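Written out below as structure tokens is the structure these notes cover.
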Amino acid sequence: MDNNETKLNSSPIGFFDSGVGGLSVYSVFRKLLPNENTIYYGDLKNMPYGNKTKEELTGYAKKILNFMASKEVKAVVIACNTSSATVYDIIKNEYNFKIYPIIQSCAKVISSYDVDTIGVFATSATIKSGAYAREIEKYNPNIKVAGIACPRWTNFVESSLTDSEECIEDIKNKYNEIAAFNPRKIILGCTHYPYLLHNLTKFAPEEMFIDPAKIFVDYIKKDLSENNLLNHSKNIGTEEFFVSANPKEFKKNAKLFYELKNIPALID
Ligand code: DGL
């Protein structure tokens, strides 16, 4: 292995999301690839992403990707369905590192499930983009995809209100809406929604819900390996966390998926 290869292999992998949601992917990644050096960026200042325009979301993503470029990352994981749905096609060729979008990376596996109807809970922007239906139908046109926007759920998670009456009532209403399509599986199409699983299972069994995190991380691992980008170091990888607002809240709300050792750095 030459020196250049060693430097690139040990370069960090960046992750971003509007807030703690992407940690549902990040935590699986750290378990599966503990030797990688990682950087996580939570854009709490602009959260929730789900009700923003494509132009706004493109601006946020470019700013974060430029920050990741300054950190000399070897790859960036878009651990955010909303950005994957709306921005990935615009920015995918603009950087000299690999970019992994969650929806496009998971669609092939999800489309191989033996089901005729799949429901998607996601943000308004993701549902409006039609990205899940488009990507799944690309591989399997026989699956019907029905999406329901859940515009309040990100805020319930970021405000520690997942067990409030208001949140449970909203989950019940959204579940009734999606149940009308008789879905065989329901994708949690926003990285914040696995934080609501303990309440979603009040209305349907856990096997009904697909959290794409594991599928996504398996895909990333395989792709890094095929491109000779894995870190071969035996040491546990370093971690850096950044947020654009509310560092203490981030650390507190992250707990369910990932215990941060320190309060993240504030950078905008
Ligand atoms: N967690 C993100 C997603 O997967 C964005 C949620 C939001 O900020 O509205 O879509």
message: Quick check on my filter: what residues within the range 221-245 are out of contact with any Ser or Thr (no Cβ under 7 Å at 6 or more places or on another chain), surrounded by 14 or more Cβ atoms within 10 Å (Cβ to Cβ) and not in a loop (DSSP other than H, G, I, E, B)?
response: 221, 223, 224, 240, 241, 242, 243
query: Does at least one position in the range 70-86 carry a residue that is free of Cβ contacts under 8 Å to residues at least 12 places away in the same chain and in contact with a strand residue (DSSP E or B) (Cβ under 8 Å, 6 or more places away or on another chain)?
result: no
message: For the range 246-267, give me the residue count where each residue is open to solvent by 100 Å² or more (accessible area, probe 1.4 Å) and either more than 12 Å from residue 41 (Cβ to Cβ) or of a type in the set (D, E, K, R) (or both).
response: 7
- line: Within the range 16-61, residues surrounded by 16 or more Cβ atoms within 10 Å (Cβ to Cβ), basic (Lys, Arg) and closer than 20 Å to residue 126 by Cα come out as 52
Subset of the range 81-126 [under 18 Å from the mean Cα position of the chain (by Cα), surrounded by fewer than 19 Cβ atoms within 10 Å (Cβ to Cβ) and not in a helix (DSSP H, G or I)]: 92, 98
task: Identify the residue in the range 184-198 that is part of a strand (DSSP E or B) and more than 10 Å from the ligand (Cβ to nearest atom) and, among all such residues, is most open to solvent (accessible area, probe 1.4 Å).
output: 185
- prompt: If a residue has to be more than 8 Å from the chain's Cα centre (by Cα), assigned to a helix (DSSP H, G or I) and in contact (Cβ under 8 Å) with a residue 12 or more places away in the chain to count, how many in the range 7-28 make the cut?
  reply: 7
message: All but one of (1) at pLDDT below 95; (2) in contact with a helix residue (DSSP H, G or I) (Cβ under 8 Å, 6 or more places away or on another chain); (3) not acidic (Asp, Glu) hold for residue 81; state the number of the condition that does not hold.
response: (1)
query: Considering only residues of the range 131-175 that are of a type in the set (Gly, Ala, Ser) and away from the ligand (no atom under 16 Å from the Cβ), which is surrounded by the fewest Cβ atoms within 10 Å (Cβ to Cβ)?
result: 164
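The values are calculated or read from the model by the stated rules, or taken from the named source; none is laboratory data. Because the structure is a prediction, the values reported are computed rather than measured. Positions of Cβ are backbone-derived with ideal geometry, glycine not excepted, and every protein chain shown enters the neighbour counts. When the accessible area is computed, the model is the full protein with side chains, heavy atoms only, and any ligands, DNA or RNA have been set aside. Shrake-Rupley method; radii C 1.70, N 1.55, O 1.52, S 1.80 Å.
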